[in-house]
Structure formats: structure tokens, C-alpha cells
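Report on the structure given below.
Where a number appears in this text, it was derived from the coordinates with a stated rule and is not lab data. This one's a predicted model, so the numbers in the text were calculated from it and none came from an experiment. Cβ sites come from the backbone with ideal geometry, for glycine too, and all protein chains shown count toward neighbours.
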Amino acid sequence: MSHTHIPPVSAGLRGRCPRCGEGRMFSGFLSVVPRCEACGLDYGFADSADGPAVFVMLIAGFLVAGVALWMEFTYEPPWWAHVLVQGPLIAVVCLPMLRALKGVLIALQYANRAEEGRLEK
Ligand SMILES: [Zn+2]
């Protein structure tokens with residue numbers, strides 16, 4: 001199983017283990033499991049810094065601001081329409097992006113380190 005090549009980006013996007021593609025990478029919404037339940041991969045290599053969060057918030061901020069401006073100029077809606085549309089938009093756009101991006105970054109870290117021979121003995 002450890003010889004199967006899992007594309008890191010697809011494993012990361014699905015939140016799956018970058019080594020076996022089976023086990024789940026996350027235990028909570030953004031908390032990474034200590035080790036893979038399927039193949040025992042130790043996630044200690046993963047840099048758990050939430051750098052991507054800042055990045056995603058920036059993108060999402062631009063997106064939401066863009067939608068707000070577009071709504072304002074197109075429909076001139078009441079204030080509550082902004083709240084109604086943008087609250088769910090932030091949840092729908094940011095949260096999955098945040099998780100997917102974190103998954104991809106971890107999977108890429110795994111791929112790099114596996115290539116350097118630091119993980120497989
Ligand atoms: Zn695994």
C-alpha cells in the first residue's frame with residue numbers, strides 16, 4: 001500500500017492521508033490527527049502553523065468585498081441583505097478552502113520529505 005502513488009494535491013483536497021490515501025487527515029475541523037488511522041503515518045512532520053489561514057482570509061475577504069460591492073451597485077439592497085448573503089458566503093467559501101489548503105500543504109510537505117528520504121527508512 002505504501003508503494004501506491006497518491007497525488008499530494010488530491011489527497012490534500014480530500015483531507016486524506018498523503019501516504020495511503022485512506023485515513024483521514026483531520027480529526028476536528030482543522031486539527032490534524034496525530035497519526036493515520038489506516039497506515040500509521042505519523043503526522044509529526046506536518047508544520048501545524050496556520051499560515052494558510054491568513055492567506056485564505058485575504059482571498060475570501062476580497063471575494064466577499066467584491067460581492068458586497070457588486071450587490072451594492074447592482075441591486076442597492078438593504079443592509080440586512082448584505083448580512084444574509086455574506087454571512088453564509090464566508091462560511092461556504094472560507095471554511096472548506098481553509099481546510100483544503102491546509103490539507104494540500106500538509107500533503108506537499110509529506111511528498112517533499114518522503115522524496116528526501118526522511119520518512120521512509
Ligand atoms: Zn495513511
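Using 0.36 nm per residue and subtracting the Cα-Cα separation, the extra length available between R24 and L84 on full extension is 18.3 nm. Between F55 and N112, the FRET efficiency estimated from the beta carbon spacing at R0 = 22 angstrom works out to 0.70.
Against the main long axis of the alpha-carbon atoms of the chain, helix 51-75 sits at an angle near 20°.
By the count of other C-beta atoms within 10 Å, a proxy for reagent exposure, S31, S10 are ordered fewest to most as S31, S10. Here the spin labels are modelled as points 7 Å beyond Cα on the Cα-Cβ line, and at A68 and V9 they lie 3.2 nm apart. So what is the calculated 222 nm ellipticity per residue for the chain, using -39500 (n - 2.57) for each DSSP H run with n of 4 or more, over all residues, to the nearest 500 deg cm²/dmol? Using -39500 (n - 2.57) per qualifying helix, the result is -20000 deg cm²/dmol. Between 0 and 90 degrees, rounded to the nearest ten: what's the tilt of helix 79-115 against the longest Cα principal axis of the chain? Orientation of helix 79-115: about 20 degrees from the principal axis. Taken about its Cα centre, the range 8-115 carries a charge dipole of about 340 debye when Lys and Arg each add +1 at the Cβ and Asp and Glu each add -1 at the Cβ.
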